[in-house]
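Trainee: Handing you this structure, nothing more for now.
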Amino acid sequence: MASLKALKIRINSVKSTQKITKAMKMVAAAKLRRAQEAAEAGRPYAERMEAVMASLASKVTVGPQASKLLAGTGKQDVHLFVVATSDKGLAGAFNTNIVRLARKQALELQAAGKTVKFYCIGRKGRDQINRYFRGQVVHSVEPGDLGKQVFANAGTVAQDLIARFEAGEFDIAHLFYSKFVSVLTQEPTQQQIIPVPLPESGAVTGAAPVEYEPSEEEILYTLLPRNVAVQLFRATLENAASEQGSKMTAMDNATRNAGDMINKLTIQYNRSRQAAITTELVEIISGAEAL
Amino acid sequence: MALHFELVTPEKLVRSQDVHMVVVPGAEGDFGVLQGHAALMSTIRDGDVSVYATANGAPEVISIKGGFAEVNDKGLTILAESVA
């Protein structure tokens, strides 16, 4: 049995760990509220964007001159997985869940004879993917604090992606991120971003003819790259909220576990203390009897 | 007679209200949108959006950067890149 002193040190160490996890939980809760608001505030833009894209795409005929971002390259050989994770750990299975979904899809595609490349946003995701798919990560960026993202960052990434697409590095791009459903539920999500997925035909009823200024093609030309940026930005916002939600749950669990551990250790400590006192008494009594 | 006007940026929904008229800085020139405007889609240059809450009132000016405007039977939606 461990000595009394060792037990005492152990208890104190667990107690200070509990204080830290408790503080982290509070911080996550405060950040979560802000991140959740940001994610919810960003949704209308992305939704309207989707609606506009859908109505535009259904009106423009996909011909040989149509932008590749809309029509695709005509091949489906090389897939690029844009995996958005965070730079920091200690958020439960947040990063792992995203990577797991990406990995599953990648293995399926590879089994079908396709090439899969990775474009990682976030350090944690990059590290995990590097372990499974060595040498397949073409580029990675570290976004830093997910709570302080601005639209311009997403724009930079989107431009880089489009440049790579135009250089023929890949045919199809998928985006992986964690969708924020609630504090307790975050859903790893896959979404095709390049080429733009066309809506199911018949969903859009173009009743009134729409006037375009300048022309349909020009609007579409400026809109397509922006759509990629918008989807990326949306993913970042959702990720930020999900990360904090996941972190809060993880830290809550850690605090509770530390509490259980402290109880167990305290019982052990008291038992050993009692045993030591009993032994001492027995020694004194037997010493007195011997006289 | 009201026009439903929405101004959205990637960060948030800036405005969602019923107004009298909105003047939008379109890529090929400013245009005013009243209720019942024909369906239109236009890119926007950087500039000021003037929102006229009432027919005779002074306009509220919002400067925006980039984006596009869509007019449909539900009203006017401006998707701007940023709002100053």
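Trainee: Pick from A:168, A:135: which is at positive phi and touching a residue at least 60 places away in the same chain (Cβ under 8 Å)? Spell out how you get there, then give the answer.
Mentor: Details: A:135 fails: touching a residue at least 60 places away in the same chain (Cβ under 8 Å).
From the options A:168, A:135, the qualifying one is A:168.
Trainee: Read through the list (1) within 10 Å of the chain's Cα centre (by Cα); (2) under 18 Å from residue A:48 (Cβ atoms); (3) not aliphatic (A, V, I, L, M), then give the number of the only condition that residue B:10 fails.
Mentor: Failing condition for residue B:10: (1).
Trainee: A further question on this structure: Which one of these is more than 9 Å from chain A (Cβ to nearest Cβ), more than 27 Å from residue A:238 (Cβ to Cβ), surrounded by 13 or more Cβ atoms within 10 Å (Cβ to Cβ) and not basic (Lys, Arg): B:47, B:36?
Mentor: Details: B:36 fails: surrounded by 13 or more Cβ atoms within 10 Å (Cβ to Cβ).
Exactly one residue qualifies, and that residue is B:47.
Here's the yes/no breakdown for (1) within 14 Å of another protein chain (Cβ to nearest Cβ); (2) acidic (Asp, Glu); (3) not in a helix (DSSP H, G or I):
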site	(1), (2), (3)
A:176	no, no, yes
A:184	no, no, yes
A:217	yes, yes, no
A:224	yes, no, no
A:250	no, no, no
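Trainee: Name the one entry in A:48, A:34 that is modelled with pLDDT of 85 or more and not in a loop (DSSP other than H, G, I, E, B). Show your work before the answer.
Mentor: Details: A:48 fails: modelled with pLDDT of 85 or more.
Answer to the check: A:34.
Trainee: Listed residues B:81, B:6, B:60; which is more than 22 Å from residue A:218 (Cα to Cα), acidic (Asp, Glu) and in contact (Cβ under 8 Å) with a residue 60 or more places away in the chain?
Mentor: From the options B:81, B:6, B:60, the qualifying one is B:6.
Rundown of residues vs (1) under 26 Å from residue A:42 (Cβ atoms); (2) modelled with pLDDT of 90 or more, yes/no style:
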| residue | (1), (2) |
| --- | --- |
| B:36 | no, no |
| B:40 | yes, no |
| B:43 | yes, no |
| B:53 | no, no |
| B:61 | yes, yes |
| B:65 | yes, no |
| B:68 | yes, no |
| B:72 | yes, no |
| B:81 | yes, no |
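Trainee: Being part of a helix (DSSP H, G or I), of a type in the set (Phe, Trp, Tyr) and over 17 Å from the mean Cα position of the chain (by Cα) narrows it down to one residue among A:212, A:269; which is it? So that I can check it myself, show each step before the final result.
Mentor: Values: A:212 fails: part of a helix (DSSP H, G or I).
Being part of a helix (DSSP H, G or I), of a type in the set (Phe, Trp, Tyr) and over 17 Å from the mean Cα position of the chain (by Cα) holds for just one of A:212, A:269, which is A:269.
Trainee: Could you check how many residues of the stretch B:7-32 are assigned to a strand (DSSP E or B), within 12 Å of chain A (Cβ to nearest Cβ) and β-branched (Val, Ile, Thr)?
Mentor: Selection size over the stretch B:7-32: 3.
The values are calculated or read from the model by the stated rules, or taken from the named source; none is laboratory data. This structure is a prediction, so every number in the text was calculated from the model and none was measured. Cβ atoms come from the backbone with ideal geometry, glycine included; neighbour counts cover every protein chain shown.
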